[in-house]
Amino acid sequence: KALMACTSPYVVMTDGDCIAREDFLQIHYERRSPGYFLSGGYYKLPLDLSQSITKEDIATQKCFDLKWLKENGLPSSYKNQKLTSGFVQAGVMERLTPTNASWNGHNSSGWLTDLKAVNGFDERMQYGGQDRELGERLFNYGIKSKQIRYSAICLHLDHARGYKNQESIDKNLAIRKATRTEKKNYTPYGIVKKS
């Protein structure tokens with residue numbers, strides 16, 4: 001529905017349990033390129049810290065300050081570099097990361113014409129992998145990806161996942177496998193429905 005309502009030629013997606021850093025949209029906008037989608041990541045916060053972040057902490061961007069996060073219970077980790085890397089370091093890390101530049105629903109962007117060409121999300125899918133499957137169809141359609149996981153930063157707030165179940169995960173895995181092996185670049189279960 002959002003893709004059908006969209007009037008912008010370029011689409012940025014994130015999840016409702018994510019907090020975007022103030023330069024998030026700017027990074028996606030500046031790095032956009034025809035024939036590509038952008039693949040970002042997230043920084044997952046522990047549950048206690050996730051529950052303690054206030055609206056003011058978000059508005060002031062305090063929640064992205066590593067010192068503040070550590071004072072509020074964030075453990076030390078090499079992953080903390082995501083929050084402190086500058087422009088040059090982020091670029092180097094994005095070139096060196098072994099992580100695949102896949103479509104990640106929490107932090108990705110692409111051209112509306114490309115997203116519509118592959119017919120958006122496969123609506124048969126539930127929690128777990130529907131974003132990746134969309135990206136796999138974009139690849140099959142000929143779209144490439146660029147890594148921006150250390151530049152476009154968002155925090156992921158931890159929470160319970162009562163909607164997660166093995167049956168839906170297995171179903172999603174089967175759909176993804178078919179998309180890859182059959183090199184599908186379109187789903188009849190997306191924006192335009194199979195008649």
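Values in this text are rule-based calculations from the coordinates and carry no lab data. Quick caveat: nothing in here was measured; it's all calculated off a predicted structure. In this analysis, Cβ positions are derived from the backbone assuming ideal geometry, glycine residues included, and neighbour counts consider all displayed protein chains.
For segment 148-195, how big is the tail of P(r) above 11 Å, as a whole percent of Cα pairs?
Of all Cα-Cα pairs in segment 148-195, 79 percent lie more than 11 Å apart.
Only Cα pairs under 8 Å and 6+ residues apart enter the sum, and on that basis the relative contact order of segment 88-195 stands at 41 percent. Each other residue within a Cβ distance under 10 Å of His156 adds +1 if Lys or Arg and -1 if Asp or Glu, for a net charge of -2. For the pair Lys193 and Arg95, label points projected 7 Å from Cα toward Cβ lie 4.9 nm apart. Hull volume per residue, based on the alpha-carbon atoms of the chain and their convex hull, is 140 Å³.
Between segment 1-72 and segment 96-118, what is the separation of their alpha carbon centroids in Å? Between the Cα centre of segment 1-72 and that of segment 96-118, the gap is 15 Å.
Sequence neighbours fewer than 8 away in the same chain don't count; with that in mind, list the lysines whose C-alpha is under 17 Å from Lys116. Hits, sequence-local ones excluded: Lys1, Lys144, Lys184, Lys193, Lys194. The relative contact order of the chain comes to 37 percent, based on Cα pairs under 8 Å that sit 6 or more residues apart. Only the Cβ atoms of Lys and Arg (+1) and of Asp and Glu (-1) were treated as charged; on that basis the dipole of segment 2-181 about its Cα centre amounts to roughly 540 debye.
Of Ser168, Ser77, the sequence from fewest to most neighbouring Cβ atoms within 10 angstrom is Ser77, Ser168. Taking the number of Cβ atoms within 10 Å of each Cβ as an exposure proxy, the fewest-first ranking of Lys194, Lys171, Lys183 is Lys194, Lys183, Lys171.
Excluding Leu25 itself, what net charge comes from residues whose Cβ is under 14 Å from its Cβ, given Lys and Arg +1 and Asp and Glu -1?
Result for the neighbourhood of Leu25: 0.
Calculated [222 nm] ellipticity per residue, helices only, for the chain: -10500 deg cm²/dmol; basis is -39500 (n - 2.57) per DSSP H run with n ≥ 4, divided by all residues, nearest 500. Ordering of 22-35, 84-97 by packing is 22-35, 84-97, highest average first (other Cβ atoms within 10 Å, averaged per residue).
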